[in-house]
Amino acid sequence: MKKYCFGIDVGGTTVKCGLFTVTGEVLDKWEIKTRTEDNGVNILPDVAETIQQKMAEKNIEKDLVAGIGIGVPGPVNDAGEVPCAVNLHWGYVNIAGDMERLTGLPVKAGNDANVAALGELWKGGGVGYHSMIMVTLGTGVGGGIIINDKIVAGSHGAGGEIGHAHVDDSITDPCNCGNYGCLEQVASATGIVRLAKEALAASDEPSLLRGGHVSAKSVWDAVKEGDALAIQIAERFGTYLGKTLAVFATVADPQVIVIGGGVSKAGQILLDYIIEPFKKYAFTACRDTEFALATLGNDAGIYGAAKMVI
């Protein structure tokens, strides 16, 4: 008899939901609004309700559901508890315990970036590998570490927080985490814009980036056009990220490093600027680590959440 599971990816704006078979087939995908008002008190009840509605719609009995996997934007410990999730306006929440009480189903919870990494390992850019570092380059920089098919969450749920590795002593404005000089400040979409504005201010060199809206996309578009100033920005970005990943590779020794997030839409050219400094600074045994682009896009979280259950 066919068995099912649910993969849930809670974001600050929407909750992405997936119904899967335990063999990994996605049967349905949908979204609900994330209601963050009142300290996010409605988020888990809303998730429980949409799962129960989907079970009723598909005539799925509770004993046919292996469980619910859920990823959230915050550190999650082995017991499925999060001490805080700023984007959800949560303080301490026992995600696994609360969801189990609301649904009567087994629940596993994890950090959203770690869960997305698991999804990419299972069905995306990391297929065929068992140990992987994933980096997501979006508004911020997220990360996840998988060793022998298991998420490395660490004792505080902060394993894989690549974006908050310190990489630059000269940055004087704080990162969103409160520290200074984090990778997120120079390698995210907003970080690339920072590097671009610094480069434009420091030089009078003609560039496609002058006189228009500067974004991470416009920088990479200019790189593809051979724009010299944009190439300098890409080289600086790549050095920051490549050097940082060389350090992480020494610790985790992955088979592959997968790059995802909105910035990764730049494609192979993005990897080229990361791989060169990575190889320059990596420990000898890690130097030939493979690199790949993520392939699941915004679905990585629901795939990884389902995989936690399976």
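Calculated from the alpha-carbon coordinates, the stretch 163-204 shows an Rg and a Dmax of 10.4, 34 Å respectively. Would you mind getting the Kirkwood hydrodynamic radius of the stretch 141-291 from its Cα pairs, rounded to one decimal in Å? After inverting the pairwise mean of 1/r, the radius is 16.1 Å. Scanning the chain for DSSP H helices at least 15 Å long along the axis (C-alpha atoms) with a Kyte-Doolittle mean no lower than 0.0 picks out 112-123, 189-202, 228-252, 268-281. Taking Lys and Arg as +1 and Asp and Glu as -1, the other residues whose beta-carbon sits under 14 Å from that of residue 54 total -2. Report the Stokes-Einstein translational diffusion coefficient (µm² s⁻¹, integer) for the stretch 140-182, Rh taken as the Kirkwood radius over Cα pairs, at 20 °C with viscosity 1.002 mPa s. In µm²/s, the coefficient rounds to 186. Need one number: nm distance between label points at residue 37 and residue 94, each 7 Å from Cα along Cα→Cβ, rounded to one decimal. Computed distance between label sites residue 37 and residue 94 equals 2.9 nm. Global dimensions of the stretch 29-153 from alpha-carbon coordinates: Rg and Dmax equal 15.3, 43 Å. In terms of its Cα atoms, the stretch 240-310 spans 37, 27, 17 Å along the principal axes, sorted from long to short. Cα centroids of the stretch 167-230 and the stretch 1-65: 38 Å apart. Just to confirm a number: summing +1 for Lys and Arg and -1 for Asp and Glu over residues other than residue 116 whose beta-carbon lies under 12 angstrom from that of residue 116, what do you get? Around residue 116, the surrounding residues sum to -1.
Sorted from longest to shortest, the spans of the Cα atoms of the stretch 197-283 along the three principal axes equal 43, 24, 17 Å. Distance between the pseudo-spin-label points of residue 155 and residue 272 (7 Å out from Cα toward the beta carbon): 4.5 nm. Exceeding 32 Å between C-alpha atoms, which entries from my cross-link table qualify? They are 33/224; 16/265; 123/279; 217/279; 29/279. Violating the 32 Å limit, Cα to Cα: 33/224; 29/279. For the pair residue 176 and residue 148, the difference between a 0.36 nm per residue extended length and the Cα-Cα distance amounts to 6.9 nm. Just how many % of Cα pairs in the chain lie over 37 Å apart, if you round to the nearest whole percent? Percent of Cα pairs beyond 37 Å in the chain: 18. Please build a GNM for the chain, connecting alpha carbons under 10 Å apart, and tell me which residue among 133, 145, 60 fluctuates the most. Of 133, 145, 60, the most mobile in the Gaussian network model is 60. Derived scalar couplings between HN and Hα for the stretch 61-70 equal 6, 4, 6, 9, 9, 5, x, 10, x, 9 Hz in order, rounded to whole Hz, by the Karplus curve 6.51 cos²θ - 1.76 cosθ + 1.60 (θ = phi - 60°), x for Gly and Pro.
Just so you know, all these numbers are worked out from the coordinates, no wet-lab data involved. As the structure is a computational prediction, the values presented were derived from the model and not from experiment. Positions of Cβ are backbone-derived with ideal geometry, glycine not excepted, and every protein chain shown enters the neighbour counts.
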